[in-house]
Amino acid sequence: MLPRTFRLAGGAEPVPHIVEPGWHNVMSAADWPDGRPVRKMLGETPIALVRSGSQLHALAARCSHMSGQLSDSDLVDGCLSCPRHGSVFQVSDGSVARGPATAPQPTFDTRVVDGAIQVRLPGAG
């Protein structure tokens with residue numbers, strides 16, 4: 001495993017300190033395509049939203065390795081791949097399925113309320 005300082009030097013900025021606590025509307029559920037990532041902004045934070053059947057997932061859209069846009073990839077076997085260097089992340093929990101990334105992607109809780117997709121950081125109100 002790489003030292004923490006090396007990992008933080010090149011990757012995406014952590015999101016907990018830049019996302020307000022609580023639930024946030026990000027889009028209409030009717031507009032959310034199945035099996036294809038959608039990039040939305042949560043304040044200043046880009047997120048990648050993915051729906052696979054009844055499963056709803058949201059994770060930080062900038063790769064933890066070198067900030068490539070995960071929302072520009074296809075959902076394959078429950079994963080998104082970074083178009084820059086090929087890191088692969090599980091959409092269910094943000095874990096690294098294949099590097100070069102060493103840090104997982106931050107994920108968000110998701111829900112549908114009155115036809116709106118809402119997201120929040122886990123445990124953030």
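See the values below:
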{"read-out": "Residue match in the range 23-45 (condition: touching a Ser or Thr at 6+ places or on another chain (Cβ under 7 Å), modelled with pLDDT of 85 or more, under 17 Å from Pro83 (Cβ atoms) and part of a strand (DSSP E or B))", "value": "yes"}
{"read-out": "Residue satisfying all of: in the range 48-72; within 16 Å of Ala101 (Cβ to Cβ), among the hydrophobic types (A, V, I, L, M, F, W, C) and not in a loop (DSSP other than H, G, I, E, B); farthest from the chain's Cα centre (by Cα) among these", "value": "Leu70"}
{"read-out": "Residue match in the range 43-53 (condition: in contact with a Cys (Cβ under 7 Å, 6 or more places away or on another chain) and farther than 26 Å from Pro21 by Cβ)", "value": "no"}
{"read-out": "Qualifying residues in the range 73-95 (those that are under 14 Å from Ile47 (Cα atoms) and in contact (Cβ under 8 Å) with a residue 40 or more places away in the chain) - the one farthest from the chain's Cα centre (by Cα)", "value": "Leu80"}
{"read-out": "3 or more residues surrounded by 19 or more Cβ atoms within 10 Å (Cβ to Cβ) and of a type in the set (Gly, Ala, Ser): qualifying strands (runs of 3 or more DSSP E) within the range 77-125", "value": "none"}
{"read-out": "Total residues in the range 27-51, condition of a type outside the set (S, T, N, Q) and within 16 Å of Arg62 (Cβ to Cβ)", "value": "13"}
{"read-out": "Verdict on Pro3 being closer than 17 Å to Gly123 by Cα and at pLDDT below 85", "value": "no"}
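The values are calculated or read from the model by the stated rules, or taken from the named source; none is laboratory data. Just so you know, these numbers come straight off a predicted model, no measurement behind them. Note that each Cβ is placed from the backbone with ideal geometry, even for glycine, and that neighbours are counted across all protein chains shown.
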